[in-house]
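Below is one structure, written out as structure tokens; the observations come after it.
The values are calculated or read from the model by the stated rules, or taken from the named source; none is laboratory data. None of the values given here were measured: they were computed from a predicted structure. Cβ placement follows ideal geometry from the backbone for every residue including glycine, while neighbour counts extend to all protein chains displayed. Side chains included, ligands, DNA and RNA excluded: accessible areas come from the protein's heavy atoms. Shrake-Rupley method; radii C 1.70, N 1.55, O 1.52, S 1.80 Å.
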There are 2 protein chains.
Amino acid sequence: MLMSPVAGADEDAPGHAAVAQPDLAEAAVKLFGDPLRAEIVRLLAREQMCTCHLVDDTGARQSTISHHLRVLREAGFISAEPRGRYTYYRLRPEALSLLTVGIANLTAQAHHAQAIRRPCV
Amino acid sequence: MLMSPVAGADEDAPGHAAVAQPDLAEAAVKLFGDPLRAEIVRLLAREQMCTCHLVDDTGARQSTISHHLRVLREAGFISAEPRGRYTYYRLRPEALSLLTVGIANLTAQAHHAQAIRRPCV
DNA sequence: GGGTGACATCAACATGATTTGATGTAAGCA
DNA sequence: TGCTTACATCAAATCATGTTGATGTCACCC
């Protein structure tokens, strides 16, 4: 999982992301793959929030919010911090950076790909 | 649609992508939202290809490939060039760049969000 | 200790997207 | 002109993921 921002795993090998690997796509889908999840990401990009805030601000059910937070957490994009009975979440910029780099590399690659055309049999 | 790489629309307003708008998420999903589509993107990142190549290389059905190409084309990530009975497709780096910028901005925003925490009632 | 509230998890259901095969149109060739 | 091939589109079937309500655990408070 070169591009997947899993907690602490392979974060020292960004150079290997010269090609868009399945991990880049999977990471992007984990981050944005659903409108509600994207909304959660947007809210967390503004400030740390606990589940109750996210429930109030999105209007979604608590269990739905928890489900999406789990997806984001397991993908490494957010980290959780229990505070008494509340759990605060924050976006991890370092994880987003990996995604940025991955797509930037794909962009660079696409520049060169334009001049290459395989003949059809 | 500030972040959606629609052909020629609003490409002069990247500065407005300081916040991850719904369009950033939608664009990402259009690009990577499905394993086959991500595979197509990866292949097109290497070289221009026609539908018949993509069918051969992915093993997917022609109509499935056409469907995904349509999604990518309508989202502005690829452009089509009919060549006789063949249609060649290429990735548009300029469209990928917008996505890169959008996520980079989200990353920057997330840096500041870390220090902000809303109290729970 | 008992009651309340936050929230993670579970299982069933709903929804939206992908896949499939059929079909029509256009290009190439004899 | 007729035949073959590439591929875009359509509608139905299939599949994956999101949503829901219930439940259990834990933290807080009186």
Checklist entry - What tally of residues in the stretch A:45-56 results from selecting those that are open to solvent by less than 70 Å² (accessible area, probe 1.4 Å) and either touching a residue at least 12 places away in the same chain (Cβ under 8 Å) or away from DNA strand C (no atom under 11 Å from the Cβ) (or both)? => result 8
Item to check | Complete set of residues in the stretch A:90-103 that are of a type outside the set (A, V, I, L, M, F, W, C), buried (at least 16 other Cβ atoms within 10 Å of the Cβ) and more than 15 Å from DNA strand C (Cβ to nearest atom) | outcome: A:Arg92, A:Pro93, A:Ser97, A:Thr100, A:Gly102
Next on the checklist: Condition (residue is more than 11 Å from the chain's Cα centre (by Cα) and at positive phi) applied to the stretch A:83-91: is it met by at least one residue?
Outcome noted: yes
Checklist entry - Quick one: which of B:Ala20, B:Ala9 is away from DNA strand C (no atom under 16 Å from the Cβ), at pLDDT below 95, small (Gly, Ala, Ser) and buried (at least 17 other Cβ atoms within 10 Å of the Cβ)? => result B:Ala20
Item to check | helices (runs of 4 or more DSSP H) wholly inside the stretch A:16-121 that include at least 2 residues being within 13 Å of DNA strand D (Cβ to nearest atom) | outcome: A:22-32, A:35-44, A:51-58, A:62-74
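With respect to B:Thr87, is the statement that it is modelled with pLDDT of 95 or more, under 30 Å from A:Pro119 (Cα atoms), open to solvent by 20 Å² or more (accessible area, probe 1.4 Å) and β-branched (Val, Ile, Thr) true?
yes
Test A:Cys120 against the criterion of being over 22 Å from the mean Cα position of the chain (by Cα), of a type outside the set (Lys, Arg) and at the interface with chain B (Cβ under 9 Å from one of its Cβ atoms), and give yes or no.
Judged against the criteria, A:Cys120 is a match.
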Item to check | Near pairs, Cβ below 6 angstrom, 6+ apart or cross-chain, from the stretch A:32-44 (crowded, with 20+ Cβ neighbours inside 10 Å) to any residue that is in a helix (DSSP H, G or I) and aromatic (Phe, Trp, Tyr) | outcome: A:Ala38/A:Phe32
Checklist outcome for this item: Considering the stretch A:74-88, residues that are near DNA strand C (Cβ under 8 Å from one of its atoms) and within 29 Å of A:Leu24 (Cα to Cα), and then whichever is nearest to the other protein chains (Cβ to nearest Cβ), we arrive at A:Tyr88
